1. May I ask you to say which residue of Val138, Val158 is in contact with a Ser or Thr (Cβ under 7 Å, 6 or more places away or on another chain), surrounded by 18 or more Cβ atoms within 10 Å (Cβ to Cβ) and part of a strand (DSSP E or B)?
2. Six or more apart or on different chains, Cβ atoms under 6 Å: show the pairs whose first residue is in segment 79-106 and without any contact (Cβ under 8 Å) to a residue 24 or more places away in the chain and whose second is crowded, with 17+ Cβ neighbours inside 10 Å and not in a strand (DSSP E or B).
3. Would you call Ala142 out of contact with any strand residue (DSSP E or B) (no Cβ under 8 Å at 6 or more places or on another chain), within 16 Å of Leu165 (Cα to Cα) and not basic (Lys, Arg)?
4. Restricting the search to segment 87-112, which residues are touching a helix residue (DSSP H, G or I) at 6+ places or on another chain (Cβ under 7 Å) and surrounded by fewer than 17 Cβ atoms within 10 Å (Cβ to Cβ)?
5. Return yes or no: is Leu54 among the aliphatic types (A, V, I, L, M), in contact (Cβ under 8 Å) with a residue 12 or more places away in the chain and in contact with a helix residue (DSSP H, G or I) (Cβ under 8 Å, 6 or more places away or on another chain)?
6. Quick one: which residue in Glu44, Glu37 is surrounded by fewer than 20 Cβ atoms within 10 Å (Cβ to Cβ) and of a type in the set (Asp, Glu)?
7. Give Asp259, Asp230 a once-over and let me know the one that is surrounded by 15 or more Cβ atoms within 10 Å (Cβ to Cβ), out of contact with any helix residue (DSSP H, G or I) (no Cβ under 7 Å at 6 or more places or on another chain) and either in a helix (DSSP H, G or I) or modelled with pLDDT of 95 or more (or both).
8. Which of the residues that make up segment 193-216 are in a loop (DSSP other than H, G, I, E, B), within 16 Å of Ala176 (Cα to Cα) and among the small types (Gly, Ala, Ser)?
Amino acid sequence: MSDRVILREVGLRDGLQLIKSRLDTNTKLAWIKAQAEVGFTEIEVTSFVPISVLPQFADAATVLAGAKKIDNLLPTVLVPNLRGAVMAMDAGAKKITFVLSVSDSHNRANVRRSTDESLAMLREVVAERDNRQDITLVTALATSFGCSMEGAVNDARVTQIAEFLANEGIDEINLADTVGYGDPIQVRRIFTDVKTAVGDLPLAAHFHDTRGLGLANVMAALDAGVRRFDSALGGLGGCPFAPGASGNIATEDTLHLFDRLGVDTGINLGALLEVRRHLAEWLPGEKLEGRLLGAGPANR
């Protein structure tokens, strides 16, 4: 397989939002720079959210400004509402992910509004984006494959929202398995349906490895034509509304899979493992996941 994929690191946002450790700004920038130097072209560097809720992102504008100075890197940010989107745009973000949940219960718990209310707000974000220049707007659909509050999520609802997003001028759609309920058959089916509905609009996948199916789901999404994937170094991350949920698929394990498949990422696996060793030093006492650091890459 010779296809090129974009592997986006999300550990600095998704990974840091739930852990007890607090990384200082300089360490965050050192982490970003280290991953950029091994070949990452997109890194989700921060989130523009209320500081009272997530104080670890109080330095969002500073981190973004520092990341923008790194060569060959497109720093991306996440926002939950219009205010966060405007703050991100004012800070110079050129790729912004607006997050909402397919599950209404999860959306209310996460951002304190219904899914339909978030979709209405998204129209305001699109209008604000249209008044600026050169900003790529992504929508992440959390709980696309299941919800810890509502259980199964209707496939048709995922496709319906995706069609709405395409019609509203969203540049990319990211389907997220927020609580790790997805399986390969479901992943292939939903991505195929959404791809049929939105045509050539870029799709991305965001998987958690809660039940050990993360990399199998990557394979299914790859088979369905997805070429953009999120992952977190050391398997950092999780969901506050999914008790026991583990983090994202580990970046190092995901990259190893792509290397074994012959999929081009432009990322140096050996150099990434050195960054992974530094991560353990930057986050002492935090539980890190991933198989590859201990086992090493397959050499055959």
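1. On the way: Val158 fails: part of a strand (DSSP E or B).
Of Val138, Val158, the one residue that is in contact with a Ser or Thr (Cβ under 7 Å, 6 or more places away or on another chain), surrounded by 18 or more Cβ atoms within 10 Å (Cβ to Cβ) and part of a strand (DSSP E or B) is Val138.
2. Within 6 Å, no pair qualifies.
3. On the way: out of contact with any strand residue (DSSP E or B) (no Cβ under 8 Å at 6 or more places or on another chain): no; within 16 Å of Leu165 (Cα to Cα): yes; not basic (Lys, Arg): yes.
It is false that Ala142 is out of contact with any strand residue (DSSP E or B) (no Cβ under 8 Å at 6 or more places or on another chain), within 16 Å of Leu165 (Cα to Cα) and not basic (Lys, Arg).
4. Gly92
5. No.
6. Details: Glu44 fails: surrounded by fewer than 20 Cβ atoms within 10 Å (Cβ to Cβ).
Residue meeting the stated conditions: Glu37.
7. Numbers: Asp259 fails: out of contact with any helix residue (DSSP H, G or I) (no Cβ under 7 Å at 6 or more places or on another chain).
The unique qualifying residue is Asp230.
8. We begin by selecting, within segment 193-216, every residue in a loop (DSSP other than H, G, I, E, B); these are 199-202, 209-213.
Still in the list and also within 16 Å of Ala176 (Cα to Cα): 202, 209-213.
The answer is Gly212, and nothing else.
The values are calculated or read from the model by the stated rules, or taken from the named source; none is laboratory data. For clarity, every value in this text was computed on a predicted model and none was experimentally measured. Virtual Cβ from ideal backbone geometry, glycine too; neighbours counted across all protein chains shown.
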